[in-house]
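Undergrad: To start, I am sharing the structure in question, which I have written as structure tokens.
The values are calculated or read from the model by the stated rules, or taken from the named source; none is laboratory data. Bear in mind the structure is a predicted one, so any value in this text is a computation, not a measurement. Note that each Cβ is placed from the backbone with ideal geometry, even for glycine, and that neighbours are counted across all protein chains shown.
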Amino acid sequence: MNELMKTELGWEVHTKQIELGGHILKDRVALMRSDNDEILGIRSNNYHPFTNRNMQELVDRISDFGGFRFQGYSEFGGGRKILAFFQNQESNLKLCGQDVKDYLIIGNSHDASSKLFVGTSNYMFRCENQFSEKIRTFERRHDRYVSAHDIPIDRIIRSYQMGRQALYERMAIFQQVKVDYRTIQDLKANLFATEIEILDTKEFIKVKETSRSKKFDEALAREMSELGNTLWGLFNRVTRYTSSEIGNSFGNTSGAAEKMNRAAMKFCMERLAMAQN
């Protein structure tokens, strides 16, 4: 997690009326950046942005609460999505016996692509694997004005701690579930380009070998030899690949890396349910 982040945003979001054909639209407004007038989105006039000033105030309140050190901001889509990262200062954090860093994330969007939310991000020292997850127990819609001072900090921290604990417990269960060659191939087919062929009325999945899938196989050799032939090893195979090959943001919180990590988590959860039945 060595991406340079911003210590401050340096711009604000503001709304502007929309003129179309000489008429002002009464039910729509444009959300715009104050520094360059770039349009971030077109929303209903009932949309209430959580401003960058409010985000900064929320960051300050979490920093004052204690136990977390502010790391910085990441912007995506030209400011359409903003994430603030705080490193958990608890010492000797371990996930399934591995030394890790853990981060509290506050996320917001200016284009209605997400609510104001809390997330957790995990970084494994051994191999620099990164994985982030949104915590559904705390979210705020943009359907009314919300000030940073309207948000209870203790609830944010509690939501983060509960989400982090649930993730750790899930990974501990993954560690107990063995996987075979077919499971590995099924995941590979799920994540990479696949084609369905019909032969003698039997349907099977054929995985196209690409440079991406070959590098994925290289990640398998190390992760599963060190972490075992389990769902835990398999999931880390994915996060190793996304972190080293396609990750382009702090914590792999956006883009192709985040999408692949999320698909792998869904796959592993489905296989866990099958193993428990």
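Undergrad: Taking the criterion of being of a type in the set (Asp, Glu) and more than 20 Å from residue 133 (Cα to Cα), would at least one residue in the range 71-87 satisfy it?
TA: Within the range 71-87, none of the residues are of a type in the set (Asp, Glu) and more than 20 Å from residue 133 (Cα to Cα).
Undergrad: Okay, moving on. Only residues that are modelled with pLDDT under 85 and part of a strand (DSSP E or B): list them for the range 77-106, please.
TA: Residues satisfying the conditions are 94, 95, 98, 99, 100, 101.
Undergrad: Moving on to the next point. Within the range 58-76, identify whether any single residue is closer than 22 Å to residue 161 by Cα, without any contact (Cβ under 8 Å) to a residue 60 or more places away in the chain, assigned to a loop (DSSP other than H, G, I, E, B) and assigned by TED's automatic domain parsing to the domain that holds residue 121, and answer yes or no.
TA: The answer is yes; a qualifying residue exists.
Undergrad: I want to confirm something. Restricting to the range 70-98 and keeping residues that are surrounded by fewer than 20 Cβ atoms within 10 Å (Cβ to Cβ) and small (Gly, Ala, Ser), which single residue is farthest from residue 108 (Cα to Cα)?
TA: Selected residue: 97.
Undergrad: State whether the residues of the range 119-136 include one that is modelled with pLDDT under 85, buried (at least 18 other Cβ atoms within 10 Å of the Cβ), closer than 30 Å to residue 42 by Cβ and of a type in the set (Val, Ile, Thr).
TA: Yes, the conditions are met somewhere in the range 119-136.
Undergrad: Search the range 25-45 for residues that are over 14 Å from residue 110 (Cβ atoms) and pair each with any residue that is surrounded by fewer than 14 Cβ atoms within 10 Å (Cβ to Cβ) and among the hydroxyl-bearing types (Ser, Thr, Tyr) when their beta-carbon atoms are under 8 Å apart and the residues are at least 6 apart or on different chains.
TA: 27/44; 28/44
Undergrad: Next question. Output the number of residues of the range 54-91 satisfying the condition of being touching a helix residue (DSSP H, G or I) at 6+ places or on another chain (Cβ under 8 Å) and basic (Lys, Arg).
TA: Result for the range 54-91: 2.
Residue-by-condition table, conditions (1) out of contact with any strand residue (DSSP E or B) (no Cβ under 7 Å at 6 or more places or on another chain); (2) farther than 30 Å from residue 168 by Cβ:
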site: 37; (1), (2): yes, yes
site: 42; (1), (2): no, yes
site: 62; (1), (2): no, no
site: 74; (1), (2): no, no
site: 83; (1), (2): no, no
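Undergrad: Further question: Six or more apart or on different chains, Cβ under 7 Å: which pairs go from a residue in the range 149-161 that's surrounded by 14 or more Cβ atoms within 10 Å (Cβ to Cβ) to one that's part of a helix (DSSP H, G or I) and at pLDDT 90 or above? Could you list them?
TA: 151/58; 153/61; 153/62; 153/65; 156/62; 157/65
Undergrad: Same structure again: Name the pairs whose Cβ atoms lie under 8 Å apart, with the first residue in the range 249-277 and over 14 Å from residue 236 (Cα atoms), the second assigned to a helix (DSSP H, G or I) and modelled with pLDDT under 85, and 6 or more positions between them or separate chains?
TA: Short answer, once both residue conditions are applied: 249/255; 249/257; 249/258; 255/246; 256/242; 256/246.
Undergrad: Across the range 23-57, which residue is surrounded by the fewest Cβ atoms within 10 Å (Cβ to Cβ) among those that are polar (S, T, N, Q) and assigned to a helix (DSSP H, G or I)?
TA: 56
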